[in-house]
Amino acid sequence: MRLAPSYIRQDLRKLFSRGFFLRVLFCIFLGCPFHLYAQPQAGTTERSGILALPQAAPSPRWAVKTNLLGWGTASPNAAAEVRIAPKATLNVGLSYNPFSYRGNKKWKHVFVQPEVRYWLCAPFGGHYVGGHIFYSHYNAGGVRVPFGLWDGLEDNRYQGDLYGAGFTYGYSWILSPHWSIEAAAGIGYGFTRYKHYECQTCGNYKGTENRHLFMPTKLAISFIYIIK
């Protein structure tokens, strides 16, 4: 029986190598973006009729984003994310709300949250876990918070500072080379020191109080622009 030329046998061995299949299975299991066919890199050659193994595309370095849920509370927000290691990124988010509403309802705050993320496949696509710290200065009152997360806020006003740390799980869906959508949720510990007033405006000052909180620390559905 006539054997195939040696270069064909070499390509087939590479194509069906254990490492290649493990990578495919690993990415499928984790739900990671994976491109089976890629454009040939500069300086490489192709033999006629032979499929070349894919070459990994360079990972993006920067992304900018905004949290759509934050806009739902009339809080302008933005974040920037930069790759700091092959599977790690640094994300820094900022939210700001200077507004008062009818009936002197308010959710005024400035909030900043740096976060280090570890991506299970590659940055900016698929699953990730992260750890973050955060700080907020707030002046809030007359607002009902869902699920009883802040009892008394509807009939009182609180002004103070919040510090904390927590952990995040998230997933990013790549829509195109430059656009993606990300969902994330986090939980952790917070400490706040605030002044307490009886009503939203000029109510009696009731004193300065401290609270230790086990609390949600992040909830985001973000629209992202990826910078190559």
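In table form, for the structure just shown:
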| quantity | calculated |
| --- | --- |
| 23 Å Cα-Cα reach of Lys87 towards lysines, excluding residues that sit fewer than 8 places from it in its own chain | Lys65, Lys218, Lys228 |
| Given charges at beta-carbon only (K, R positive; D, E negative), |dipole| of segment 62-227 in Debye | 180 |
| Inter-site label distance for Tyr225 and His178 at 7 Å from Cα along Cβ, in nm | 0.8 |
| Kirkwood-type radius of segment 123-228, with distances r between different C-alpha atoms, in Å | 15.9 |
| Neighbourhood charge, 11 Å Cβ-Cβ cut-off, centred on Arg144 and excluding it, Lys, Arg +1 and Asp, Glu -1 | -2 |
| Distance in nm between pseudo-label sites at Arg61 and Lys206 (7 Å out along the Cβ direction from Cα) | 5.3 |
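Values in this text are rule-based calculations from the coordinates and carry no lab data. Keep in mind that this is a model prediction, so the values were computed, not measured. Methodologically, a virtual Cβ is constructed for each residue, glycine included, from the backbone with ideal geometry; neighbour enumeration extends over all protein chains shown.
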